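Q: Okay, here's the structure, questions in a sec.
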Amino acid sequence: MSEPTAAAAPASPSVLAALVAELSSGGIEVVDLTAPLSSGTPVLRLPPEFGQTQVFELEEISRYDDRGPAWYWNNFRSGEHTGTHFDAPNHWVTGKDLADIASVPARQLVAPAAVLDVTDEVAKDPDFLVEVEHIEAWQDRHGALPDGGWLFVRTGWSSRSHAQEPFLNADANGPHTPGLSVACARWVAEESPVTGLGVETVGTDAGAAHGFDPAFPCHSYLMGSGKYGLTQLQNLDRLPSTGAVVIAGPLPIVSGSGAPARVLALVERTGRTGQAGRTS
Ligand code: MN
């Protein structure tokens, strides 16, 4: 082996080695933003004239029995948009010629997240809509949204994710869940530097968005702009407003419109950072 040239040598001690050390010491925490996936996981329910998505189901193949004496395994049945999941651009007609879920570049699955907290507003009004002005106020405090990153909207809605009815929060007029206004959805898609929108609700759009113009503006504008959605996130209260790095791992379903995803966030813990290597 020859010595690496100066140009090829890593700058400073390995960044990844430092990351591993911080993970070991607790200087960096891994926060799981993923809802557990089971037959009880809430799913979107559309008006009856439309096709419906499947709830998650396990089908046992064998469990240390005569079907397989030493092994346990299952088949599963699931919608692409079941539980915590990733919306690909081709999910919506506006993005029908854009990327499928398997074509989303791996590089874009690791990205910083900005967290906008509207928990108090949503507690007062489940139909609360984020406006551009709310994001501009956030930027006045925290700086620009991250280029190539995520905008996560923290609403507290994941506290309802244990069951279908409170999570969908529907009455005779339809579901009542928070989201973005039409103007805000368009701004995030067409003006902001983020590549995606992450939410705690069953979809990126507000419950009332079927009646907006255009209908479902987050889907319409974001997918049409080649951007992404992440839904049914939880533990957003454990993220800082800025600085978290999100790893979103949707299954690469060829030609698929989305996929269940394990979504993790790396978060620096103040006061512990930098202590790696000083522990025994
Ligand atoms: Mn979806």
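The values are calculated or read from the model by the stated rules, or taken from the named source; none is laboratory data. Computed from a predicted structure; not experimentally measured. All Cβ positions, glycine included, derive from the backbone under ideal geometry; neighbour counts span all protein chains shown.
Q: For Pro193, are the conditions met, namely being away from the ligand (no atom under 14 Å from the Cβ), under 19 Å from Val30 (Cα atoms) and surrounded by fewer than 16 Cβ atoms within 10 Å (Cβ to Cβ)?
A: no
Q: Are there any pairs with C-beta distances below 6 angstrom linking a residue in the stretch 250-271 that is modelled with pLDDT of 95 or more to a residue that is surrounded by fewer than 14 Cβ atoms within 10 Å (Cβ to Cβ) and assigned to a strand (DSSP E or B), with the two at least 6 apart or on different chains, and if so which?
A: Close Cβ pairs satisfying both conditions: Leu264/Val30.
Q: Only one residue in Thr53, Thr82 is over 23 Å from Asp237 (Cβ atoms) and in contact (Cβ under 8 Å) with a residue 40 or more places away in the chain. Which one?
A: Details: Thr53 fails: in contact (Cβ under 8 Å) with a residue 40 or more places away in the chain.
The unique qualifying residue is Thr82.
Q: Looking at the stretch 99-127, which of the residues that are in a loop (DSSP other than H, G, I, E, B) and within 15 Å of the ligand (Cβ to nearest atom) is farthest from His142 (Cα to Cα)? Break it down into steps so the answer makes sense when it comes.
A: Taking the stretch 99-127 and keeping what is in a loop (DSSP other than H, G, I, E, B), we get 99-100, 104-105, 118, 125-127.
From what's left, within 15 Å of the ligand (Cβ to nearest atom): 99-100, 104.
Numbers: Ala99: 31, Asp100: 33, Val104: 28 Å.
Among them, the one singled out is Asp100.
Q: Shifting gears a bit: Does the stretch 150-167 hold any residues that are out of contact with any Lys or Arg (no Cβ under 6 Å at 6 or more places or on another chain) and over 18 Å from Asp237 (Cα atoms), and which are they? Can you show your working first?
A: Taking the stretch 150-167 first, the residues out of contact with any Lys or Arg (no Cβ under 6 Å at 6 or more places or on another chain) are 150-165.
Once the filter is applied, which keeps residues that are out of contact with any Lys or Arg (no Cβ under 6 Å at 6 or more places or on another chain) and over 18 Å from Asp237 (Cα atoms), the stretch 150-167 yields Ala163, Gln164, Glu165.
Q: Contact list please: Cβ distance under 6 Å, first residue in the stretch 34-45 and outside any loop (DSSP other than H, G, I, E, B), second residue within 14 Å of the ligand (Cβ to nearest atom), pairs at least six apart or on different chains.
A: Thr34/Thr84; Thr34/Val263
Q: Does the stretch 174-181 contain any residue that is in a strand (DSSP E or B), more than 16 Å from the ligand (Cβ to nearest atom) and either aromatic (Phe, Trp, Tyr) or surrounded by fewer than 20 Cβ atoms within 10 Å (Cβ to Cβ) (or both)?
A: Step one: filter the stretch 174-181 for residues in a strand (DSSP E or B), giving 174-175, 179-180.
Narrowing further to those that are more than 16 Å from the ligand (Cβ to nearest atom): 174.
After this cut, where a residue has to be either aromatic (Phe, Trp, Tyr) or surrounded by fewer than 20 Cβ atoms within 10 Å (Cβ to Cβ) (or both) as well, the list is 174.
Scanning the stretch 174-181 turns up at least one residue that is in a strand (DSSP E or B), more than 16 Å from the ligand (Cβ to nearest atom) and either aromatic (Phe, Trp, Tyr) or surrounded by fewer than 20 Cβ atoms within 10 Å (Cβ to Cβ) (or both).
Q: Against the condition of a type outside the set (S, T, N, Q), surrounded by fewer than 24 Cβ atoms within 10 Å (Cβ to Cβ), at pLDDT 95 or above and in a helix (DSSP H, G or I), how does Ala215 come out, does it pass? Spell out how you get there, then give the answer.
A: Numbers: of a type outside the set (S, T, N, Q): yes; surrounded by fewer than 24 Cβ atoms within 10 Å (Cβ to Cβ): yes; at pLDDT 95 or above: yes; in a helix (DSSP H, G or I): no.
When the stated conditions are applied, Ala215 does not pass them.
Q: Quickly run through the stretch 196-235 and pick out the residues that are over 19 Å from Gly79 (Cβ atoms) and either within 10 Å of the chain's Cα centre (by Cα) or of a type in the set (Val, Ile, Thr) (or both).
A: Of everything in the stretch 196-235, those that are over 19 Å from Gly79 (Cβ atoms) and either within 10 Å of the chain's Cα centre (by Cα) or of a type in the set (Val, Ile, Thr) (or both) turn out to be Gly196, Leu197.
Q: Here is a further query. Of all the residues that make up the stretch 89-98, how many are surrounded by 14 or more Cβ atoms within 10 Å (Cβ to Cβ) and either in a loop (DSSP other than H, G, I, E, B) or more than 16 Å from the ligand (Cβ to nearest atom) (or both)? Please lay out each step first, then the result.
A: Keep residues of the stretch 89-98 that are surrounded by 14 or more Cβ atoms within 10 Å (Cβ to Cβ), which gives 89-92, 94-95, 98.
Narrowing the set further to residues that are either in a loop (DSSP other than H, G, I, E, B) or more than 16 Å from the ligand (Cβ to nearest atom) (or both) leaves 92, 98.
Residues meeting the conditions: 2.
Q: Restricting attention to the stretch 228-236, does a residue exist that is part of a loop (DSSP other than H, G, I, E, B) and more than 16 Å from Gly83 (Cα to Cα)?
A: Step one: list which residues in the stretch 228-236 are part of a loop (DSSP other than H, G, I, E, B), which gives 232, 234-235.
Cutting the leftovers down to more than 16 Å from Gly83 (Cα to Cα) gives us none.
No, every residue in the stretch 228-236 fails to be part of a loop (DSSP other than H, G, I, E, B) and more than 16 Å from Gly83 (Cα to Cα).
Q: Right, here's the next one. Going through the stretch 29-67 one residue at a time, which ones are among the basic types (Lys, Arg) and modelled with pLDDT under 95?
A: The answer is Arg45, and nothing else.
Q: Here is a further query. Could you check His134 against (1) over 23 Å from Phe86 (Cα atoms); (2) exposed (fewer than 14 other Cβ atoms within 10 Å of the Cβ) and say which number it fails?
A: (2)
Q: Another one. Do we find that Leu145 is in a strand (DSSP E or B), crowded, with 17+ Cβ neighbours inside 10 Å, in contact with a strand residue (DSSP E or B) (Cβ under 9 Å, 6 or more places away or on another chain) and in contact (Cβ under 8 Å) with a residue 12 or more places away in the chain in this structure? Even if it seems obvious, please write down each step before you answer.
A: Values: in a strand (DSSP E or B): no; crowded, with 17+ Cβ neighbours inside 10 Å: yes; in contact with a strand residue (DSSP E or B) (Cβ under 9 Å, 6 or more places away or on another chain): yes; in contact (Cβ under 8 Å) with a residue 12 or more places away in the chain: yes.
Here the answer is no, as Leu145 does not meet what is asked.
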